[in-house]
Number of protein chains: 2
Amino acid sequence: MKKAIVITIGSELLIGQVIDTNSAWLGQQLNELGIEIYRTLTVKDEEHEILHAIDYGFQNADLILMTGGLGPTEDDITKKTIASYFNDQLVFHEKTYLWIEKLFKKFGRTPMDVHKQQAYMPESCHIIENKMGTAPGMLFEKENRILLAMPGVPYEMKHIFSEGLKPRLESLNLSNSIKHRTIRTVGMGESKIAEIIQDLIVQFPPDLSIAFLPSSGSVRIRLTSTGESNNEDILNLFTEKISTRLGDLVYGYDETTLEASIGQLAKAKGIKIATAESCTGGLIGHSIVGVPGASAYFEGTITAYSYELKQAILNVSKKTLTDFGAVSEEVVLEMLAGCLDATYADVAISVSGIAGPGGGTPEKPVGTIWMAWGNKEVQMTKKLSLSKSREVNIKYTSVYALNMIRKFLMEQ
Amino acid sequence: MKKAIVITIGSELLIGQVIDTNSAWLGQQLNELGIEIYRTLTVKDEEHEILHAIDYGFQNADLILMTGGLGPTEDDITKKTIASYFNDQLVFHEKTYLWIEKLFKKFGRTPMDVHKQQAYMPESCHIIENKMGTAPGMLFEKENRILLAMPGVPYEMKHIFSEGLKPRLESLNLSNSIKHRTIRTVGMGESKIAEIIQDLIVQFPPDLSIAFLPSSGSVRIRLTSTGESNNEDILNLFTEKISTRLGDLVYGYDETTLEASIGQLAKAKGIKIATAESCTGGLIGHSIVGVPGASAYFEGTITAYSYELKQAILNVSKKTLTDFGAVSEEVVLEMLAGCLDATYADVAISVSGIAGPGGGTPEKPVGTIWMAWGNKEVQMTKKLSLSKSREVNIKYTSVYALNMIRKFLMEQ
């Protein structure tokens, strides 16, 4: 098991109705297992295309992970196409049918004919139960190569991979050949970071490489070691050197998110957090809540989109709103004070801005964002001048705000 | 220009550190332009892999859209690899350099050597200015085929495609050959929908096909017509037949989101909306704010994660919290009343639940969600019993809640 290809099937992916998140998740899993993800291919749910994909997969890899096209409706043709590829026939699989029946009973329903079809499975495959849905996984083996076909619904796919294949891949103990370490930073651009650590990069041994992954105000620095021995030590050494150089730009490693690093700080210091948001629509708070266990340190968010709500709950004065406008240093400071009062939080952040596309003026164009953060004793403010795109402005502002919370918590 | 392949470059995509959203966006664009998106391929940023991808692209398509690997750091090798593919050399492009210099001046900085490298461009390509960043787009033509290489940063890629290639593709007037129409529904599973409209599907002419795209409580039904003539009429006819059959399960068409349909209803009826959230962490409100112009009908969100905040801002009584627990019908009704009071909204929804993975009890396992919605006169409640996954629970609950808001607005 050296090279894997992920094949995702579905016209909805190609015409952009659905964003393919399955490839990324499978990529993470394989990477942790020490299996190289060689390529990812997306094809339509058409027989010719699926056959091409299987051929391409077997020519280029020894593990093919396939998702999509196993549902009960007539556009789902993956199962019969794979069966025809292996010259296999579909036979009734009673265990699968009983499971489908049970699942339907739970919701007070009876399986329809289309669901009975789902219990017909290729004879030569190993069937992997799907406890999250009606379509089981199918594992085929051919000349030491494996093809696993899974449904496209992400949580069904994750379940089938984790239960049906992962233990076997784990037992191969491949995880020493390629090692990645990711240093996660926020607050500086990739080229500036590259410049600062350039003299460290030139010290890299030949089997160590670096990549920079920028997104919305943050940059992940990925170190990859392909050496057979000592790669753990080499990764540790350069991770430490780079981290020391970058100081508090570094908020975490590998899969640690910015909001998870905030959670660790807040829990360790016994600090409760709240947010008062306007243009970000609650995204900062929502990001914080995405971390399991956030209830230990997160009080809540007041998304005061209207003038009235800013006054009523956050106690922003009408005069301040009229004199300076909702997007102003004065208003975010009052929002911050109001948020700390209303929520009993120790530390809060407030944001008000013009996300666009409408609402800009010559003095305050789209992309003008004010934020304030701190506690009852110390408050800080910042004005951002961002771009014209609503989506980019909301996302960038949230990351910036989360970083200000993090840095403030570090100083407490 | 009949077939296109999208090639995305970057190990970060393969190991799942970054989810590829560029393919989906380009797929949408090409689909609207009437160009078939044939396949999508993701490869590593290695010379051999990029060369394979270009070969694969030219063998299978006449339009190759490529993203990634054009940044200033040393892992970015796409430009020199493409140049070598076309036996081309890199020459200094003054206009690009002046642009980079200007961009840096804006931020009070001077370009570094790595940025000067970005101004060296393949001699034979047509350079497409990048007004959003430092790396321009590169358009190559070879025997009536086109390859366009763009940076991987989504908003830079979108800008370059829109300015540099889209007008030319539009002028080809291809948009009549394949037509899609999407009927967007919420509130019923795909197999049940398929059953209800089965007799309509059997009436389809041979060049009309259907696909079902389920996700988190909603199902998009995509009709595709590949006929040369009358396909607009046929799509309209069956869209209407299916919509009539499905009634208020249908909330919109094509790119209309559930939150956009709420926006249309709220604006038309002059109704102001607010949300009071707990386990969803503000996602319902954040979804509503994602629609440009939401300030016309959205008051705001109170994400009351703690008991204290539920009491202080939403006026939930301590006794109700103690007697019934935060996840109860009684509490969501008080949250709803409190939200309507505090926010001046006409219609509100409140949600409290156990998203997991922690916090479950035998009586209220992970996945138990209560919600209440309505106005000051009429209130309704619903209990959901969802799965074990935090992410799925939060997402599904938000979609369910948005649908309850939509249905309530329809009745006003």
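Loop-located GluC sites (Glu not before Pro) across the range A:53-156 with a Cβ neighbour count of 10 or fewer within 10 Å are A:Glu143, with loop assigned by DSSP. Within the protein assembly as shown, DSSP assigns beta bridges of which about 65% are antiparallel (rounded to the nearest 5). Tell me the relative contact order for the range A:1-136 as a rounded percent, counting alpha carbon contacts under 8 Å between residues six or more apart. Relative contact order here is 24 percent. When the alpha-carbon atoms of the range B:261-412 are used, the pair Rg, Dmax equals 14.4, 45 angstrom. Across the range A:268-412, the relative contact order, built from alpha-carbon pairs under 8 Å that are at least six residues apart, equals 24 percent. Residue by residue, the range B:348-357 carries 3J(HN,Hα) couplings of 9, 9, 10, 9, 9, x, 10, 6, x, x Hz when phi is fed to the Karplus relation 6.51 cos²θ - 1.76 cosθ + 1.60 (θ = phi - 60°); x denotes Gly or Pro.
Checking the Cα-Cα distances for A:Lys79/A:Lys131; A:Lys106/A:Lys166; A:Lys364/B:Lys166; B:Lys269/B:Lys319; B:Lys131/B:Lys166; A:Lys105/B:Lys383 against a 26 Å cut-off, the pairs over it are A:Lys106/A:Lys166; A:Lys364/B:Lys166; B:Lys269/B:Lys319. Spin-label model, A:Lys116 to A:Lys166: label points 7 Å out along the Cα-to-beta-carbon direction sit 3.6 nm apart.
Shown for A:Thr244: label points 7 Å from Cα along the beta-carbon vector, and their distances to the equivalent points in the other copies, 7.6 nm in ascending order. Of all DSSP-defined beta bridges confined to the range B:258-411, some 55% are antiparallel rather than parallel. Give me, ordered by chain and number, the residues 5 or more places off A:Gly300 or on other chains with an amide H under 5 Å from its own placed amide H. Residues meeting the criterion, in which the H sits 1.01 Å from N, are A:Thr275, B:Tyr305.
Summing +1 for each Lys or Arg and -1 for each Asp or Glu among the other residues whose beta-carbon sits under 12 angstrom from that of B:Ala401 gives +2. The GluC sites (Glu not before Pro) of the range B:229-295 that meet both conditions, a loop assignment by DSSP and at most 13 other Cβ atoms within 10 Å of the site Cβ, are B:Glu255.
B:Glu411 label point (Cα plus 7 Å toward Cβ) to equivalent points in the other copies: 5.2 nm, shortest first.
Farthest toward the positive end of the dipole of chain A, out of A:Gln17, A:Ala274, A:Leu70, is the Cα of A:Ala274, where the dipole comes from beta carbon charges about the Cα centre.
For the range A:178-253, the square roots of the Cα gyration tensor eigenvalues, ordered a ≥ b ≥ c, give a/c of at least 1.5 with a/b greater than b/c, which places it in the prolate category. For the range A:3-170, a simple Cβ point-charge model (Lys and Arg +1, Asp and Glu -1, everything else neutral) yields a dipole of about 560 debye relative to the Cα centre. Summing charges over all other residues whose Cβ lies under 10 Å from the Cβ of B:Ala276, with Lys and Arg as +1 and Asp and Glu as -1, gives -1. Rounded to whole Å, give me the distance from the Cα center of the range A:318-349 to that of the range A:217-290. Cα centroid of the range A:318-349 versus Cα centroid of the range A:217-290: 28 Å apart.
Projected label points at B:His52 and B:Tyr307, each 7 Å from Cα along the beta carbon direction, are separated by 5.9 nanometres.
Based on the Cβ-Cβ distance of A:Gln412 and B:Lys2, what FRET efficiency does E = 1/(1 + (r/R0)^6) give at R0 = 51 Å, to the nearest 0.05? So the FRET efficiency works out to roughly 0.25.
By the Kirkwood approach, averaging reciprocal distances over each pair of separate Cα atoms, chain B gets a hydrodynamic radius of 24.7 Å. Longest segment of chain B with no trypsin sites (Lys or Arg not before Pro) in a DSSP loop having at most 16 other Cβ atoms within 10 Å? Answer from the scan: B:132-375. For A:Asp341 and A:Lys267, a Förster radius of 30 Å and the Cβ-Cβ distance give a FRET efficiency of 0.80, rounded to the nearest 0.05. In terms of its C-alpha gyration tensor, the range B:227-328 has a prolate overall shape, because the principal axis ratio a/c (a ≥ b ≥ c, square roots of the eigenvalues) is not below 1.5 and a/b outweighs b/c.
Amide hydrogen proximity for A:Leu386: with H placed 1.01 Å from N in the peptide plane, the residues at 5 or more positions away or on another chain lying under 5 Å are A:Thr368, A:Ile369.
Summarising the strand pairing of the range B:3-170, around 40 percent of its internal DSSP beta bridges are antiparallel. Each principal axis of the range A:340-412 carries a Cα extent, and these read 37, 20, 18 Å when sorted largest first.
In this simple spin-label approximation, A:Ser209 and B:Leu200 carry label points 7 Å from Cα along the Cα→Cβ vector, and these lie 5.1 nm apart.
For B:Phe92 and B:Asn173, the difference between the fully extended length at 0.36 nm per residue and the C-alpha to C-alpha distance is 25.6 nm. Computed over neighbours whose Cβ is under 9 Å from that of A:Glu129, the net charge equals +1, Lys and Arg +1, Asp and Glu -1.
Cα-Cα pairs above 48 Å in the protein assembly as shown: how many percent?
20
The H on the amide N of B:Lys3, modeled in the peptide plane, is under 5 Å from the matching H of B:Asp62, B:Leu63, each at least 5 residues off or on a different chain. Could you pull out every whole DSSP H run in chain A that spans at least 27 Å of Cα extent along its own axis and averages -1.0 or higher on the Kyte-Doolittle scale? The qualifying helices are A:390-411.
FYI, it's all coordinate maths here, none of it is from the lab. All values derive from a computational prediction rather than experimental measurement. Cβ sites come from the backbone with ideal geometry, for glycine too, and all protein chains shown count toward neighbours.
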